[in-house]
Amino acid sequence: WPHSQFVQGNADDLIFKDRAFDVVVMGDVHEHLEHPALATKEAARVANRLLVMTIFEEWRLPGPGQFIEEGHRRADIVNREMGFKDRQDYQIETFPQRIGVDDDKVSHLSHINQFTDADIAGLVSLVMNEGFEVLQYLKVPEQRQDGHEWSNWLIALERH
């Protein structure tokens, strides 16, 4: 992004020092990540005081866990239904101001993870093992679609 303080990096291996930021926010990114547990641990590592996460509860994938290929396949179907030829075409048309990136090397992954309540609890446990305690742990229903309820987790943790 053309922003002076934007840093491109890898969520699994952040370039920042331990406890570099007072507050770290992971807003609806877990469902896009190839390694959500590693990214969560990295966010906790660079958070000095607070870690806030919102995690979308995906329900369109066939079951819990990672389904990267299935997520890409379904995203391509949805993109074609919207009139785009593929994910790259969707990205270029929808976000023309983005920095051009070869999608074969760095991809904006579609929703590739589907989390169960137990998966969310596991991510929170990882962070608690890094010296955090839970301030807020909510599952918030948002709407219903195709017979499924959309939910979003709101989790706020404080380093003690």
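The values are calculated or read from the model by the stated rules, or taken from the named source; none is laboratory data. Remember, predicted model here, so these are calculated numbers, not experimental data. No Cβ is skipped: glycine too gets one built from the backbone with ideal geometry, and neighbour counts run over all protein chains shown. For accessibility, only protein heavy atoms count, side chains too; no ligands or nucleic acids. Shrake-Rupley method; radii C 1.70, N 1.55, O 1.52, S 1.80 Å.
Inside the stretch 108-160, residues that are over 14 Å from the mean Cα position of the chain (by Cα), closer than 14 Å to P36 by Cβ and part of a helix (DSSP H, G or I) make up a count of 7. Scan the stretch 41-89 for residues that are at pLDDT 75 or above and basic (K, R) and jot them down. K41, R45, R49, R80, K85 - these are the residues of the stretch 41-89 that are at pLDDT 75 or above and basic (K, R). Restricted to the stretch 3-27, and to residues there that are within 15 Å of A156 (Cβ to Cβ) and either under 15 Å from the mean Cα position of the chain (by Cα) or at pLDDT below 95 (or both), the residue that is most open to solvent (accessible area, probe 1.4 Å) is V25.
Of the residues making up the stretch 1-50, those that are more than 14 Å from V127 (Cβ to Cβ) and in a helix (DSSP H, G or I) are E31, H32.
Filtering the stretch 111-125 to residues that are under 15 Å from T40 (Cβ atoms) and open to solvent by less than 50 Å² (accessible area, probe 1.4 Å) leaves N113, F115, I120, A121, G122, L123, V124.
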